[in-house]
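Below: the structure, in structure tokens.
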Amino acid sequence: MTFISKDFYLQDAIHVAPQLLGIKINRELKNGKVISGIIVETEAYMPDDPACHASRGVTKRNAPMFEEGGICYVYLIYGIYYCLNVVTGKKGSGQAVLIRALELPSHETNRRAAAGPGKLCRHLAINKEQNGLEFSKLNQIWIEEGIPILPADIQTSSRIGISKGIEMQWRFYIKNNSFVSKQYDTNNTKEIK
DNA sequence: GCTCGGATCTAC
DNA sequence: TAGATCCGAGCA
């Protein structure tokens, strides 16, 4: 059980996002049960990035993104689902990495139950209560080393579901992993279902 | 104040 | 392909 060092989170989101692939995320439920998964898909959101919630300065919602890296940023999307981000960078910078999908262990009945940011939060029982919390076992949500991922096994693409900043290739996922949220053909055009 | 649309997902 | 369903952000 090796835990990630503080310095890890102080890097820019575009550097942290690919390094989070293969990392294990753990969540302890109220009943004491621990749910775990390997991160297989992430997206980086940077301060000067029009798709980033922090791009227009501090607001009540995005305030956690301006804290020092290493805490959760959770927000409600489409009135229904929550999305979990890892805040990165120095205090005041306004950036984060969206955790989009986990590979669940083989004993899980539905191993795609965390394949997508909304499903992931539902599966791990993450909501506004985790917003702003430090990743720590004390907070029932923590991160630790998982499996090594080679650079050659990392694929990039445009980010999903945004209308601005689509030219940035800031989505990172493990190549040929069947637990990412969406798979595309080699031209990154047609979705493979 | 009020409107608009969103880092989604599922079912029709 | 539309509907669920909330609320922050910008003022159309």
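The values are calculated or read from the model by the stated rules, or taken from the named source; none is laboratory data. Because the structure is predicted, anything quoted here is derived from the model rather than measured. A quick note on method: Cβ atoms are made from the backbone with ideal geometry, for glycine too, and the neighbour counts reach across all protein chains shown. Protein only, heavy atoms only, side chains kept; ligands, DNA and RNA dropped before computing areas. Shrake-Rupley method; radii C 1.70, N 1.55, O 1.52, S 1.80 Å.
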Of the criteria (1) open to solvent by less than 20 Å² (accessible area, probe 1.4 Å); (2) more than 12 Å from DNA strand B (Cβ to nearest atom); (3) within 26 Å of A:E67 (Cβ to Cβ), which one A:L104 fails = (3)
If only one of A:G161, A:G79, A:G146, A:G116 is closer than 24 Å to A:L29 by Cα and without any contact (Cβ under 8 Å) to a residue 24 or more places away in the chain, which one is it?
-> A:G79
Name the pairs whose Cβ atoms lie under 8 Å apart, with the first residue in the range A:120-143 and in a strand (DSSP E or B), the second at pLDDT below 95, and 6 or more positions between them or separate chains?
-> A:W142/A:F3; A:I143/A:F3; A:I143/A:I4
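Of all residues in the range A:1-25, count the ones that are in a helix (DSSP H, G or I) and of a type outside the set (D, E).
10
Look through A:I14, A:I35 and report the one residue that is open to solvent by 20 Å² or more (accessible area, probe 1.4 Å) and either in contact (Cβ under 8 Å) with a residue 40 or more places away in the chain or not hydrophobic (A, V, I, L, M, F, W, C) (or both). Working first, answer last.
Working: A:I35 fails: open to solvent by 20 Å² or more (accessible area, probe 1.4 Å).
Being open to solvent by 20 Å² or more (accessible area, probe 1.4 Å) and either in contact (Cβ under 8 Å) with a residue 40 or more places away in the chain or not hydrophobic (A, V, I, L, M, F, W, C) (or both) holds for just one of A:I14, A:I35, which is A:I14.
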Out of all the residues in the range A:51-81, which are more than 9 Å from DNA strand B (Cβ to nearest atom) and either in contact with a helix residue (DSSP H, G or I) (Cβ under 8 Å, 6 or more places away or on another chain) or of a type in the set (V, I, T) (or both)?
-> A:V58, A:T59, A:E68, A:G69, A:G70, A:I71, A:C72, A:V74
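In the range A:98-143, which residue that is out of contact with any strand residue (DSSP E or B) (no Cβ under 9 Å at 6 or more places or on another chain) and among the hydroxyl-bearing types (S, T, Y) is nearest to A:W170 (Cα to Cα)? Quick ask: steps written out before the conclusion?
Restricting attention to the range A:98-143, the residues satisfying the condition of being out of contact with any strand residue (DSSP E or B) (no Cβ under 9 Å at 6 or more places or on another chain) are A:106-107, A:109-110, A:138.
Going one step further and asking which of them are among the hydroxyl-bearing types (S, T, Y), we end up with A:106, A:109.
Details: A:S106: 29, A:T109: 31 Å.
Selected residue: A:S106.
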